[in-house]
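**Student:** Submitted below is the structure of interest, expressed as structure tokens.
The values are calculated or read from the model by the stated rules, or taken from the named source; none is laboratory data. Owing to the predicted nature of the structure, the values given are computational and were not obtained by experimental measurement. Backbone-built Cβ (ideal geometry, glycine too); neighbour counts: all protein chains shown.
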Amino acid sequence: MALNRSELVAAVAEKSGNSQAAVNGVLDAVFEVFSEEVSNGSKVSVPGWLSVERTERAARTGRNPRPVRASRSRPDTPSSSPWLQAEGCRLRQVIRPSVPLSRAEEGAEEPVT
């Protein structure tokens, strides 16, 4: 089951006691700031939930595993700016509850050496 934007706005409005128009305005502002910051190269992080950042990949000479002609055996791959997304520990536990937390998140003591 997927939750679309209007259903998300309605659910947040109900939980927070605000109007749907107010929640919709806040959601628009959050996405606008999010987009601007990531496009400017900043990392956006909501601790425990997610982090998103744009990275840079340098141009490189690729490798064709099955060359037909010598001229086509080394294609050039241009530089790019992909984005990376990582879930936080709270979101990870909601998505995959069977995956244990890391040792630091479990509060395990460091071994004495």
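**Student:** Considering only the range 10-31, how many residues are over 21 Å from the mean Cα position of the chain (by Cα) and either part of a helix (DSSP H, G or I) or within 24 Å of VAL52 (Cβ to Cβ) (or both)?
**Tutor:** 13
**Student:** The conditions are (1) at pLDDT below 85; (2) within 21 Å of VAL52 (Cβ to Cβ), and GLY88 fails exactly one of them. Which is it?
**Tutor:** Exception for GLY88: condition (1).
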